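Every read-out reported here was derived from the displayed coordinates using simple, explicitly stated rules and does not represent laboratory data. This structure is a prediction, so every number in the text was calculated from the model and none was measured. Glycine gets a Cβ as well: all are built from the backbone with ideal geometry, and neighbour counts include every protein chain shown.
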């Protein structure tokens, strides 16, 4: 059973906060958190979600305004039963940080055709809407698998 899920993207300000919120709403009895592979490098640690992510979430009845970005680390990964990443290349990045968690790291889009969810950072509102749609579909698919 998966009781703790970590959702990962690059900076933890666009996609993973949305994935975290959607999964948490669908799986209220499971601890869901999120983090970024480059939150520290990009100086986003402790920063709120990107404004367009907050807007898209609000338009879909979700509040991520209290989100604060954090960095993926080996110790953080060890706390979780399942790590869901937004892009195939993120699996390798997680493996480089914490090789011991490779077996519990999967694509967020695993059950929607193993799709990568593209990064909408600094793109149009439409790019955020598209990313949200994919994240929502993927979260619903994961919820069905995990319930």
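Miscellaneous remarks
- Calculated P(r) of the chain - Cα pairs past 24 Å, %: 21 percent
- Here the Gaussian network model covers the chain, with springs between Cα atoms less than 10 Å apart; of 62, 54, 13, 62 fluctuates the most.
- Relative contact order for the chain, counting Cα pairs under 8 Å that sit 6 or more residues apart, in percent: 27 percent
- Ranked 85, 10, criterion: other C-beta atoms within 10 Å, fewest first: 10, 85
- Burial ordering of 106, 1, fewest other beta-carbon atoms within 10 Å first: 1, 106
- Among 61, 36, 19, the largest mean-square fluctuation in a Gaussian network model of the chain, built with springs joining Cα atoms closer than 10 Å, belongs to 61.
- Residue order, fewest to most surrounding Cβ atoms within 10 angstrom, among 32, 72: 32, 72
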